[in-house]
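Asks: Supplied in structure tokens, the structure appears directly below.
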Amino acid sequence: MLRYAGSDGGVKACYRSFLRRQKLICIGFLVLAALCVIVLYGFSNNASQSYWTSYSVLGHHLFGTEAPPGKFTDMIFWDRLLPRAINAAFVGGALAIGGCVMQIVFRNPLADPYTTGISSGAGFGATIAIAMGISLVPGLTGDWAVIANAFILSLVPAAAMVAVMMFRKTSPAELILVGIGIMYFFGAASTVFMLWANPSDLSGAFRWGLGHLESVGWDNMPAIVGTTVIGSALILLMSDRLSIMNSGDRGAFTMGEDPDRVRFVCLLLTSMMVAVVVAFTGTIGFVGIVAPHLVRLTMGTNTRYMLLGSFAVGAVLLVASDALAKVLALPVGVIMSVVGGPLFLFILVKQYKREHFV
Amino acid sequence: MSPLKHRPAPQPDTDEGFRAEYRSYIWRKVLFIAFLAAAMFILLGYSVTVSGRDMTFWDGIMAIADRIMGVTYDRAEEPVKFWNDYIVWNSTMPRVLGAVVCGAGLAVCGAAMQVVLNNPLAEPYTLGVSSGAVFGACLAIILGFSFGSIGTYGIIGNAFIFALVPCAVVIVLVGVMKGISPVTMILAGTAISYFFSGLTTLMMVRTDDDTLTSSFRWQIGSLADIGWNSIWVIFAGTAVCTAVLMMTTKYLNALALGDRSATSLGVDVNKVRYTILIVSSLMVAVILSFTGIIGFIGLLAPHMVRSILGADNRYVIPASMLLGPVILLFADTISRFLAEVDLPVGIVMMFVGSPIFLYILLGRRGRRVMYRCSDMPDRTAASRPATAHS
């Protein structure tokens, strides 16, 4: 950089090459995510099928090539594993980009997509559906009652926060604390119901909270993918404003942007997007907080690419952990925490000198 | 809102005016702390009488006073007094004292952590103590593996030992890497807690429903199991650690200004941070291994104090130490009132705490700046914290 400091054109060229590099890394991550979905999707079928069978099933459905024998094989690969892998990618992406936005607008490295209390509201909804059999939407039973409850109640904390923002001027730190307060309330409520439930219902509610990707199929896919794509696109459209937010509230004011308004819109967008995802998959932790940090550590803090990079890294993380989870027959959250935790620590320690944090 | 609005205009030109204002500033805080102490003792006196037995406030006070004076009752002659004394001393008293000690420890810890980690979201469990403790407890409950003895003490021992593991990692990081930022510390804590909670979840998923229930129950903070044996251990641990933390409070104001300012004021930032992290981890580990995770108090008490007193840490820490017990006693009393519906204090704490928390955040006074010493009289503000290196 210093070399070019004399000439204006040199600086511009240097900046362009810097951007190009980030763009390349970003695209690399996205390609990696797509590859992950393709490579890992057939990786672990509990039926004893060979790895390549998965691709002949895929070929049959997409290009009409000769189908492998057996309806069962077809069902496993086409109806179970493929939607699961694709959903995992989009869920991971949505959570990661949500986490990234939250960390930027709240300027807090601990923020994650659930900071507004979404997870606690959803958990409460799921718990009352599982343990008490209560459905907020009349007529629904079973899994759909859980999903509807989780979605409706996950919006309550977010709505409360939005109301607070509308009627009061609050700093980001106070806003987060409001979210935490609401989160504790709902958390306590679901703990009470879990405590009073019989052990098998408790186990069900507990498992719901761990996050699960096995229940997503072609039928829930449009909801998850659609919301994620729309939400992420809108967030990416706001990336310039978000990067202004990085310079603090006063900085944003001097650049002609109302930080409260940006915060408000981002909160609303993220909440809606994450609420849909959470309703279907339960609260999958880790990816939302760690993926943005991984991007920040490897790529720097250029907001536009950071958002896109978070999406890609989140997708890679969740698809890869889900593949491992399938092999080991464990919840995906466990895999991510146990493998990803130390990995994250390692990267953190290696990179601690570079001051990439907001 | 200008900070001058709710205070008489200072007269910075006269030295006398400044001194008077500073004195009244100190006086208000001391008064508040005294008020909290009184509130704590009254609540304590009331709380011991809440049990299945019908007792008035004075019965409880008399029972305590008589025991201290060495008066004993005969079971046949004065059955009412005998049973009052028996219930108070054997059943409610250890639990009430437990609430006082745990509340004080967790609140002080939270207050110190928020300053040291420079994050209003920090609480005693931020560095991963709780995840380690839960892992240890689950190891004993689910797999039956424990260091030393079996049963309850095995769980306590395991929880204590494993609670120290995540903090040990973070503290070693702080020691090895000079100039590590609080953000990195928090993230390291987060990473380690994810690791441990992942392992815990692994155990909980693989076990049967009944064992899952009992390990789930362990995690919800409860004071029901505290007896005289355990109270001494908790008290000793908390007292020593709190004393050490109290000695560091004068550096905390400097630390709250940021690392660079603190260093330029002559504070050895790393040393202070190191001491506080070690001491508070130890204290929380002791408390946690006996009670399970009592959440929120470490966040609520310091924030309440800050919203009332302002951010001067010389007073925030002692005031938190008194407000924590008041809140936890209150929650525990409610939990004993509702004995038949079985609500552990950890849950009551969250129910009671979150509305209060939201109120102080959204109430008028909550809007003051809470993390800098900006409400101090002008001359002692950032430009001259004379207490920092005295």
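Asks: Out of curiosity, is A:V277 in a helix (DSSP H, G or I), within 22 Å of A:P157 (Cβ to Cβ) and either without any contact (Cβ under 8 Å) to a residue 24 or more places away in the chain or touching a Gly at 6+ places or on another chain (Cβ under 9 Å) (or both)?
Replies: So A:V277 fits the description; yes.
Asks: A:H61 versus (1) modelled with pLDDT of 75 or more; (2) not in a helix (DSSP H, G or I): which is the lone unmet condition?
Replies: (2)
Residue-wise test of (1) more than 8 Å from chain A (Cβ to nearest Cβ); (2) buried (at least 24 other Cβ atoms within 10 Å of the Cβ); (3) in a helix (DSSP H, G or I).
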{"site": "B:A319", "(1), (2), (3)": "yes, yes, yes"}
{"site": "B:L323", "(1), (2), (3)": "yes, yes, yes"}
{"site": "B:D332", "(1), (2), (3)": "yes, yes, yes"}
{"site": "B:R336", "(1), (2), (3)": "yes, no, yes"}
{"site": "B:E340", "(1), (2), (3)": "yes, no, yes"}
{"site": "B:G353", "(1), (2), (3)": "no, yes, yes"}
{"site": "B:F357", "(1), (2), (3)": "no, yes, yes"}
{"site": "B:I360", "(1), (2), (3)": "yes, no, yes"}
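Asks: Residues of segment B:171-206 being more than 9 Å from every other protein chain (Cβ to nearest Cβ) and not in a helix (DSSP H, G or I), which ones?
Replies: B:K178 - this is the single residue of segment B:171-206 that is more than 9 Å from every other protein chain (Cβ to nearest Cβ) and not in a helix (DSSP H, G or I).
Asks: Specify the residue that is modelled with the lowest pLDDT; the eligible residues are those in segment B:1-29 that are hydrophobic (A, V, I, L, M, F, W, C) and closer than 29 Å to A:S171 by Cα.
Replies: Looking only at segment B:1-29, we keep the residues that are hydrophobic (A, V, I, L, M, F, W, C), and these are B:1, B:4, B:9, B:18, B:20, B:26-27.
Cutting the leftovers down to closer than 29 Å to A:S171 by Cα gives us B:1, B:4, B:9, B:26.
Values: B:M1: 41, B:L4: 45, B:A9: 56, B:I26: 87.
Here the answer is B:M1.
Asks: Still on this structure, please answer the following. Looking at B:G154, B:G179, B:G175, B:G221, can you tell me which residue is under 26 Å from B:L97 (Cβ atoms), of a type outside the set (S, T, Y) and at pLDDT below 85?
Replies: B:G154
Asks: Does A:V313 satisfy the condition of being more than 22 Å from A:L81 (Cβ to Cβ) and either within 11 Å of chain B (Cβ to nearest Cβ) or touching a Gly at 6+ places or on another chain (Cβ under 8 Å) (or both)?
Replies: Against the criterion (more than 22 Å from A:L81 (Cβ to Cβ) and either within 11 Å of chain B (Cβ to nearest Cβ) or touching a Gly at 6+ places or on another chain (Cβ under 8 Å) (or both)), A:V313 does not qualify.
Asks: Scan segment B:251-271 and give yes if some residue there is under 30 Å from A:T191 (Cβ atoms), outside any loop (DSSP other than H, G, I, E, B) and of a type in the set (A, V, I, L, M, F, W, C), otherwise no.
Replies: Looking for residues that are under 30 Å from A:T191 (Cβ atoms), outside any loop (DSSP other than H, G, I, E, B) and of a type in the set (A, V, I, L, M, F, W, C), one finds none in segment B:251-271, hence no.
Asks: Among what's in segment B:305-317 and is more than 12 Å from B:Q114 (Cα to Cα) and at pLDDT 90 or above, pick the residue that is nearest to the other protein chains (Cβ to nearest Cβ).
Replies: B:V305
Asks: Just a yes or no: is a residue in segment A:336-348 assigned to a helix (DSSP H, G or I), away from every other protein chain (no Cβ under 12 Å) and within 27 Å of A:G123 (Cβ to Cβ)?
Replies: Looking for residues that are assigned to a helix (DSSP H, G or I), away from every other protein chain (no Cβ under 12 Å) and within 27 Å of A:G123 (Cβ to Cβ), one finds none in segment A:336-348, hence no.
Asks: Counting only residues that are at pLDDT 75 or above and of a type in the set (S, T, N, Q), which one in segment A:1-50 is farthest from A:V313 (Cα to Cα)?
Replies: A:S17
Asks: Now, a different point. In segment A:208-221, which residues are more than 7 Å from chain B (Cβ to nearest Cβ) and either on the phi < 0 side of the Ramachandran plot or assigned to a helix (DSSP H, G or I) (or both)? Write out each step before concluding.
Replies: Of segment A:208-221, the ones more than 7 Å from chain B (Cβ to nearest Cβ) are A:208-209, A:211-221.
A:W208, A:G209, A:H212, A:L213, A:E214, A:S215, A:V216, A:G217, A:W218, A:D219, A:N220, A:M221, listed by residue number.
Asks: For segment A:132-152, how many residues are exposed (fewer than 12 other Cβ atoms within 10 Å of the Cβ) and touching a Gly at 6+ places or on another chain (Cβ under 9 Å)?
Replies: Qualifying residue count for the region: 1.
Asks: Another one. Output yes when any residue across segment A:131-145 is in contact with a Leu (Cβ under 6 Å, 6 or more places away or on another chain) and in contact (Cβ under 8 Å) with a residue 24 or more places away in the chain, and no when none is.
Replies: no
Asks: If you don't mind, there's one more thing I want to ask. Within segment A:157-180, does at least one residue satisfy the condition of being more than 8 Å from every other protein chain (Cβ to nearest Cβ), under 20 Å from A:T281 (Cα atoms) and of a type outside the set (G, A, S)?
Replies: Within segment A:157-180 (the criterion being more than 8 Å from every other protein chain (Cβ to nearest Cβ), under 20 Å from A:T281 (Cα atoms) and of a type outside the set (G, A, S)), the answer is yes, since at least one residue qualifies.
Asks: Only residues that are among the aromatic types (F, W, Y) and more than 7 Å from chain A (Cβ to nearest Cβ): list them for segment B:209-228, please.
Replies: Listed by number, the residues that qualify are B:W218, B:W228.
Asks: Looking at segment B:36-139, what helices (runs of 4 or more DSSP H) fall wholly within it and have at least 1 residues that are crowded, with 22+ Cβ neighbours inside 10 Å and among the basic types (K, R)?
Replies: Fully inside segment B:36-139 and qualifying: B:93-116.
The values are calculated or read from the model by the stated rules, or taken from the named source; none is laboratory data. None of the values given here were measured: they were computed from a predicted structure. A quick note on method: Cβ atoms are made from the backbone with ideal geometry, for glycine too, and the neighbour counts reach across all protein chains shown.
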